[in-house]
1. What's the total number of residues in segment 135-189 that are open to solvent by 30 Å² or more (accessible area, probe 1.4 Å) and assigned to a helix (DSSP H, G or I)?
2. Going residue by residue through segment 417-436, is there one that turns out to be open to solvent by less than 20 Å² (accessible area, probe 1.4 Å) and farther than 20 Å from residue 464 by Cα?
3. Determine, yes or no, whether residue 320 is within 30 Å of residue 257 (Cβ to Cβ), crowded, with 18+ Cβ neighbours inside 10 Å, more than 28 Å from the chain's Cα centre (by Cα) and free of Cβ contacts under 8 Å to residues at least 40 places away in the same chain.
4. Residues to consider are 360, 394; find the one that is over 30 Å from the mean Cα position of the chain (by Cα) and more than 21 Å from residue 325 (Cβ to Cβ).
5. If you check every pair at least six apart or on different chains, which have Cβ atoms under 6 Å apart with a residue in segment 469-490 that is without any contact (Cβ under 8 Å) to a residue 60 or more places away in the chain and in a strand (DSSP E or B) first and a residue that is open to solvent by 90 Å² or more (accessible area, probe 1.4 Å) and of a type in the set (A, V, I, L, M, F, W, C) second?
6. Would you be able to say whether some residue in segment 350-367 is of a type in the set (S, T, N, Q) and closer than 20 Å to residue 317 by Cα?
7. Based on what the data block shows, is residue 203 open to solvent by less than 20 Å² (accessible area, probe 1.4 Å) and either in a helix (DSSP H, G or I) or at pLDDT below 85 (or both)?
8. Taking the stated definitions as given, is residue 465 assigned to a helix (DSSP H, G or I) and either surrounded by fewer than 23 Cβ atoms within 10 Å (Cβ to Cβ) or polar (S, T, N, Q) (or both)?
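The values are calculated or read from the model by the stated rules, or taken from the named source; none is laboratory data. For clarity, every value in this text was computed on a predicted model and none was experimentally measured. Here Cβ is always computed from backbone atoms with ideal geometry, including for glycine, and neighbour counts include all displayed protein chains. Side chains included, ligands, DNA and RNA excluded: accessible areas come from the protein's heavy atoms. Shrake-Rupley method; radii C 1.70, N 1.55, O 1.52, S 1.80 Å.
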Amino acid sequence: MNIIFLQTCRKKKPCSALQSLKTLSIIYRSFCSQKLKQISSSKSLHKALRVLDIISPRTRDSTKTEVHLRLIQDFLQTDSKHLDSQKFNHDFTGTNSTFGSSNVFDQLLDTPVVDVEKLISMHHDLHRERLKVDASFLSTAVTSCGSTRNIRGGAPYQCLAIRTGFIANVYVGSSLITLYSKCRVIIDAYKVFEEMPVRNVVSWTAIIAAFAQEWQVDMCLELYRMMRNSMLEPNDFTFTSILSACTGSGALGQGRSAHCQTIRMGFFSYIQVANSLISMYCKCGNVEEAVYVFNNMHGKDIVSWNSMIAGYAQHGLAVRAIDLFEEMMKQRVKPDAITFLGVISSCRHGGLVEEGKVYFDSMAKHGLKPELDHYSCVVDLLGRAGLLEEARDFIKQMPIYPNAVIWGSLLSSCRLHGGVWIGIEAAESRLLLEPECAATHVQLANLYASVRCWDQAARVRKLMKDKGLKTNPGCSWIEIMNVVYRFRAEDKSNTRLSEILPVLDFLVDQMKTLGYVLEVHEEEVDDASHKRTTLLSYK
């Protein structure tokens, strides 16, 4: 009945509407007191609000009469939804309320002449107060979906933001960018960014981090330039994202440019920026620059030590990695699981089998439980040293079930040392976990062919063909004057291929001169077609 009464008020003049609102105020107070006694029956109020949405939609231009109804609507939707029952009761029935419904209605209804401009201002104040709450809620909800990479859960919140108008809020937009980037939907993330009417450092950093995740360093630097042109100052997270893109793409020259920018902008002393610089220089092949950054840090955390140890491990500098670990122990920095992963990995690259076993066993002394990555590292350590049977037994004795990475590590070692039958066992075990892995099918077929099991090799090849599995071509890259050139197997799209091939032929001749012997492996793929695959390698 109240809603019909409201609808009738809209058809009358403002003066008669005021008289009607007085009556409505009495009905409304009675309505609220009854509902507070029966909180479980609050569905009627919700339905009433939905009808109010239909009667007075937000998208229409407000007339003077509609302002009164809009104020009631906003007040209902703000306070009755977000306040608990105790505060609700206090605001609507208490005599000392500073901004309760009685004060609002008394202020509106007891005055014979209404100041419409003041009324509109009060409406906007209420709307802004509701904006803070709702924008914060939407931003938090979308961020939560992004942390779990739940794009389906985040989509309804975006629809709600569009419907309520909060899509223009800079923090809601930044949260949506992060959601789409974490879900690997970079196009939608950039679309949200483009449509943002207002951008701050958070939104710029979010879109830069999105492209950094895809290793698109050129786009990251272009966005950084656009950000600087918009007169916004970057923060430490902005540079961390740019350096991450340089790390993933191997762009050393552009990483150095970013390094210069951190010094110019005063972020070089930030520990997270320094850690990113260490990782960038190590991944891009300049370990000495990483050492320089590490030695000149004002303070080091566990990430700093881990990054430098991992950098040494990546470059096969096992002794330096172990020495740094011992120095870390002397300074009473407690290692974590990543620390031991770096140390064992350095032993793996350096062929230090016994040392690797010792560090693996010492994890328990520091209260750490080995994870799958640590077991995989030990399997690779044993496999690289040619201890294939010991590696296989180690896998079978593991307290946790081995994953595809562990079997793949053993498979690679078997190919390196010619352990055919153990390799076949590893390949078959991996295919049970990843039946759609094309690379494992190829390796298994090659192993069968190496022991002249042509039928089995042909069966694996036919299985690949039936499933439509294809291996991704190999890729290598080189950086020349801050430009990264990528090369893929059988890719002839490079315009300077006629200049590149003679250089490769010259390098092959140099390898022969230095005593490297060309090894030719032939594998018969299909007896019916009589096709053979020739594998060339230098040893």
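1. Adding up the residues that qualify gives 25.
2. Let us first name the residues in segment 417-436 that are open to solvent by less than 20 Å² (accessible area, probe 1.4 Å), namely 419, 423-424, 426-427.
Adding the requirement that they be farther than 20 Å from residue 464 by Cα leaves 419.
Scanning segment 417-436, I find at least one residue that is open to solvent by less than 20 Å² (accessible area, probe 1.4 Å) and farther than 20 Å from residue 464 by Cα, so the answer is yes.
3. yes
4. Among 360, 394, only 394 is over 30 Å from the mean Cα position of the chain (by Cα) and more than 21 Å from residue 325 (Cβ to Cβ).
5. Qualifying pairs under 6 Å: 486/477.
6. Filtering segment 350-367 for residues of a type in the set (S, T, N, Q) gives 362.
Add one more test, that the residue is closer than 20 Å to residue 317 by Cα, and what stays is none.
No - not one qualifying residue is present in segment 350-367.
7. Working: open to solvent by less than 20 Å² (accessible area, probe 1.4 Å): yes; either in a helix (DSSP H, G or I) or at pLDDT below 85 (or both): yes.
When the stated conditions are applied, residue 203 passes them.
8. When the stated conditions are applied, residue 465 passes them.
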